[in-house]
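Student: Below are the structure tokens for one structure; questions will follow.
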Amino acid sequence: MEHQDDKASRRSFLKAGVGMMGAMGLGSAPHAAMGPPSPPPSRPNFVFILGEGHRPDALSLNGNNIIQTPNFDRIGREGMQFSNSFCVNALCLPARSTALTGMYSHSTGCVDNAGRVIPANIPLFTELLRQAGYEVALFGKAHIGLLGERQWDHYFGFPGAATDYFWPALEEGANGKVQPSKVFEGYVDDVVTDRAVEWMKQKRDKPFCVCLWFQAPHTPFFRPRRYLDLYNGVAIPNPPACVCRHGQQNRRALCPGQRNAEQLRPLARGNRQGLLRRRHGDGRQRGQGLPGAHRPWPA
């Protein structure tokens, strides 16, 4: 069992780190003897985009010749890309709790996808930014239990592993209070992205931090209708792990892919009935990690 002093020291480190990030450019530098002091530079905004199940080679920036990701590529080109970063837990809820707290799953108690709640005495990095004068918001997949009841200036998300891709049920609230969920029409990630962009465009006199957390790609892997036929007729090779040294399929490595293929096959044939048949399904499955990239956001 982890010692209480260790927990306290980690919380102090996290709070100090975020405090420095939030107070960037606001230090009390000595002023010149003559003339008015220079105005402090504006503090940066933060947009934290999180998707499900991405490998680093899912980006065209990293050499993928099939999938084209120009906007993610721009983030990597104009900013930085983390080539040696890892998701410390391959499950949706624990990975998100780690991203929000900077703590391992065993420290927060968020060790699986069973509706775990981050303890109230463990601060989220967004709450520390809020204390430093930021407006903070989350749009999209929360999964973590009672996350909407933490301190957000705006919350628009869903608490479970997944919601309906085309008729998402989303909760909305602020300052620890969440309204009952409502069903929206539209592809879930389009709905939350439009709402996030609308929120970011609002006039404000504070910097902001927004978490834009997507559901896709997540089983059952439904894509927007505008992309329904995007890869029809495109040959997609199996990854090298699916081929053993004798040139035959490694069936043990292929098993997870085969299960996913059963769900994707109706869509690959252009069978729109396959898409519509599961519109109201729950689709609660596990997610994975994603590559990391960072680009400065204009103030």
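Throughout, read-outs are computed from the coordinates displayed, never taken from laboratory work. Every value quoted in this text rests on a predicted model; they were computed, and no experiment measured them. So basically every Cβ, Gly included, is an ideal-geometry build from the backbone, and we count neighbours across all protein chains shown.
Student: Order by neighbour count: 87, 110, fewest other Cβ atoms within 10 Å first, most last. Show your work: numbers first, answer last.
Tutor: Values: 87 17, 110 30.
In order of increasing Cβ crowding within 10 Å: 87, 110.
Student: Let me ask another. In what sequence do 85, 97, 107 fall when counting other Cβ within 10 Å, fewest first?
Tutor: Working: 85 12, 97 29, 107 19.
Ascending Cβ contact count within 10 Å gives the list 85, 107, 97.
Student: Out of residues 5 or more away from residue 135 or on other chains, whose amide H comes under 5 Å of its own, with H placed 1.01 Å from N in the peptide plane?
Tutor: For residue 135, whose amide H was placed from the backbone, the distant partners under 5 Å are 208, 209.
Student: When the convex hull of the Cα atoms of region 129-243 is projected onto a plane and the area is averaged over all directions, what value comes out in nm²? Please report the intermediate quantities before stating the final value.
Tutor: Values: hull surface 39.5 nm².
Projected area, direction-averaged: 9.9 nm².
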